[in-house]
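Undergrad: The structure is given below, and queries will be raised subsequently.
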Amino acid sequence: MTEWTADRIPGQHGRIAVVTGANSGLGLVTATELARHGARVVLAVRDTAAGGRAARRIGGDVEVRELDLASLDSVRGFAAKLAADHPAIDLLVNNAGVALLGPRRISADGFELQFGTNMLGHFALTGLLLGNLAAVPEARVVSLSSITHRNAHLDFDDLMFERGYRAASAYGRSKLATTIFGIELDRRLRAAGSPIVSALAHPGLTRTNLTPRAWEDRGRLGRLIASAGLLVTQPVEQGALPQLRAATEPGVRGGQFFGPARLWETRGRVVEARLGREAADPAVGRRLWAAAEELTGVGYR
């Protein structure tokens with residue numbers, strides 16, 4: 001089969017695409033390619049100054065809007081304004097995320113920051129925009145997973161990791177929850193007869209500013225580890241291809257999951273990825289969904 005590259009993205013003219021965390025890394029590449037192929041792209045970013053610089057770099061038809069996924073008030077405000085301005089949304093790429101080292105931190109709503117940002121913020125955002133997505137035939141939601149989800153476990157008695165906190169484990173847990181969300185969303189959309197497609201992707205080990213930024217406060221050793229990471233990671237342009245394929249390839253089915261092919265899915269050409277056992281469990285999906293609705297106050301209708 002021919003290797004999938006960004007040149008295979010079909011024309012996106014007339015489509016409205018929302019990309020969270022679009023000012024850098026995977027989000028910037030994703031937004032750039034969508035705009036290059038004709039989409040109107042909403043850069044949903046926490047730092048609007050950085051978003052403005054990204055918009056100038058991208059060119060094309062883009063707009064910058066402030067969104068802090070660690071604040072449910074911000075998510076609600078963003079979604080309300082966006083929904084009013086764009087009654088029909090074709091694509092939502094839930095790309096933004098944080099990876100933290102060091103002590104436990106909490107969001108504005110009291111959630112463990114990685115879980116609150118990476119999963120709960122996107123859960124709320126998607127639910128609030130679902131009506132706008134439903135207005136478009138074959139609209140898509142793409143959730144960004146990680147290979148770390150396969151070794152993670154959800155402790156429903158301690159979702160916010162208040163006991164025995166470990167930053168790397170908390171990140172894996174947040175990405176497992178994000179993956180479960182994407183799969184459970186697909187189940188629910190199918191059951192409702194909705195035309196919206198919920199697909200997933202992961203970038204393998206990709207050279208973004210996310211992990212180096214997490215090491216910045218760890219002194220000389222942290223900077224050395226971040227530098228060493230450059231040797232084992234793939235370029236961000238390659239790492240963004242799985243989510244671009246999930247977002248744009250004709251015929252993508254709900255629940256499909258894309259990632260790199262080589263070295264235990266850490267790098268290489270885009271293929272269908274392997275879903276972890278816990279992520280695939282419908283009972284876990286139902287339980288997490290109920291917890292997310294209660295925590296965020298957002299119900300899907």
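The values are calculated or read from the model by the stated rules, or taken from the named source; none is laboratory data. All of these numbers come straight from a predicted model, not from anything done at the bench. When we count neighbours, we look across all protein chains shown, and the Cβ atoms used for this are built from the backbone with ideal geometry, even at glycine.
Undergrad: Any chance region 177-189 includes a residue that's surrounded by fewer than 19 Cβ atoms within 10 Å (Cβ to Cβ), out of contact with any helix residue (DSSP H, G or I) (no Cβ under 9 Å at 6 or more places or on another chain), modelled with pLDDT of 95 or more and of a type outside the set (Gly, Ala, Ser)? Give the steps one after another, and end with the answer.
TA: First, pick out the residues of region 177-189 that are surrounded by fewer than 19 Cβ atoms within 10 Å (Cβ to Cβ): 187-188.
Next cut, out of contact with any helix residue (DSSP H, G or I) (no Cβ under 9 Å at 6 or more places or on another chain) only: none.
No, that holds for no residue.
Undergrad: Test Thr148 against the stated conditions and say whether it is among the hydroxyl-bearing types (Ser, Thr, Tyr) and over 18 Å from Ala292 (Cβ atoms). Outline the logic, then answer.
TA: Working: among the hydroxyl-bearing types (Ser, Thr, Tyr): yes; over 18 Å from Ala292 (Cβ atoms): yes.
Criteria met by Thr148.
Undergrad: So which residues in region 66-116 are buried (at least 17 other Cβ atoms within 10 Å of the Cβ), in a strand (DSSP E or B) and not polar (S, T, N, Q)?
TA: Leu91, Leu92, Val93, Glu112
Undergrad: Just for strands (runs of 3 or more DSSP E) wholly inside region 196-296: which have at least 2 residues that are at pLDDT 90 or above and surrounded by fewer than 18 Cβ atoms within 10 Å (Cβ to Cβ)? So that I can check it myself, show each step before the final result.
TA: Values: elements: 197-201, 257-262, 267-272.
Hits in region 196-296: 267-272.
Undergrad: For Ala44, are the conditions met, namely being among the aliphatic types (A, V, I, L, M), within 18 Å of Phe181 (Cβ to Cβ) and crowded, with 23+ Cβ neighbours inside 10 Å? Give the derivation first.
TA: Numbers: among the aliphatic types (A, V, I, L, M): yes; within 18 Å of Phe181 (Cβ to Cβ): yes; crowded, with 23+ Cβ neighbours inside 10 Å: yes.
Considered against the rule, which asks whether it is among the aliphatic types (A, V, I, L, M), within 18 Å of Phe181 (Cβ to Cβ) and crowded, with 23+ Cβ neighbours inside 10 Å, Ala44 comes out as yes.
Undergrad: Is it the case that some residue within region 141-158 is among the aromatic types (Phe, Trp, Tyr), surrounded by fewer than 19 Cβ atoms within 10 Å (Cβ to Cβ) and closer than 15 Å to Arg105 by Cα? First the steps, then the outcome.
TA: If we filter region 141-158 for residues that are among the aromatic types (Phe, Trp, Tyr), which is where we start, we get 156.
Keeping just the survivors that are surrounded by fewer than 19 Cβ atoms within 10 Å (Cβ to Cβ) gives 156.
From what's left, closer than 15 Å to Arg105 by Cα: none.
Scanning region 141-158 turns up no residue that is among the aromatic types (Phe, Trp, Tyr), surrounded by fewer than 19 Cβ atoms within 10 Å (Cβ to Cβ) and closer than 15 Å to Arg105 by Cα.
Undergrad: Within region 253-300, track down each residue that is at positive phi and charged (D, E, K, R). Spell out the reasoning first.
TA: To start, the set of residues in region 253-300 that are at positive phi comprises 255, 263-265, 268, 297.
Correct list: Glu265 only.
Undergrad: Among the residues of region 118-147, write down those that are under 20 Å from Ala31 (Cα atoms) and under 9 Å from the mean Cα position of the chain (by Cα).
TA: Correct list: Asn118, His122, Val142, Ser143, Leu144, Ser145.
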